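K.L.:
The structure under discussion is supplied below as structure tokens; questions concerning it will follow.
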């Protein structure tokens, strides 16, 4: 094999490894993981080709935005891949829920619209309407 052929072969191999590494870190590498707690605002199954579960959780507390005089609730948007986790969330209406999630740097159509993928429900406790009212 000529020197030019070897250079092209090695350059192509290195380029393929760099592209494979980028794809791995963008879509398969778990960047972070954690737990969020709050009330589910909505949870639905959506999509044209890939049906995924998407939801939004409202967390306790308020956050101050950059616009003066504007206060918003803390929202956590997430996706769910597992049918069993989706079933737990559907059954967890009117409860305080603690979700364990993994964050990826990129989204894939079959994994959902969010970088945050919920993989388990830790705690679901019924809300007592009398708590905090002194009754």
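K.L.:
Is there a residue being surrounded by 10 or more Cβ atoms within 10 Å (Cβ to Cβ), within 23 Å of residue 110 (Cβ to Cβ), at pLDDT 90 or above and touching a helix residue (DSSP H, G or I) at 6+ places or on another chain (Cβ under 6 Å) anywhere in the range 19-26?
P.N.:
The answer is no, given that none of the residues of the range 19-26 is surrounded by 10 or more Cβ atoms within 10 Å (Cβ to Cβ), within 23 Å of residue 110 (Cβ to Cβ), at pLDDT 90 or above and touching a helix residue (DSSP H, G or I) at 6+ places or on another chain (Cβ under 6 Å).
K.L.:
Whether any residue in the range 101-111 is at pLDDT 90 or above, touching a helix residue (DSSP H, G or I) at 6+ places or on another chain (Cβ under 8 Å), crowded, with 18+ Cβ neighbours inside 10 Å and within 17 Å of residue 29 (Cβ to Cβ) is what I want to check.
P.N.:
Scanning the range 101-111 turns up at least one residue that is at pLDDT 90 or above, touching a helix residue (DSSP H, G or I) at 6+ places or on another chain (Cβ under 8 Å), crowded, with 18+ Cβ neighbours inside 10 Å and within 17 Å of residue 29 (Cβ to Cβ).
K.L.:
Are any residues in the range 49-68 at pLDDT 90 or above and either more than 26 Å from residue 95 (Cβ to Cβ) or surrounded by 15 or more Cβ atoms within 10 Å (Cβ to Cβ) (or both), and if so, which ones?
P.N.:
49, 50, 52, 53, 54, 55, 56, 57
The values are calculated or read from the model by the stated rules, or taken from the named source; none is laboratory data. Please read all numbers here as calculations on a predicted model, not as lab measurements. Quick reminder, even Gly has a Cβ in these numbers, built from the backbone with ideal geometry, and neighbours come from all protein chains shown.
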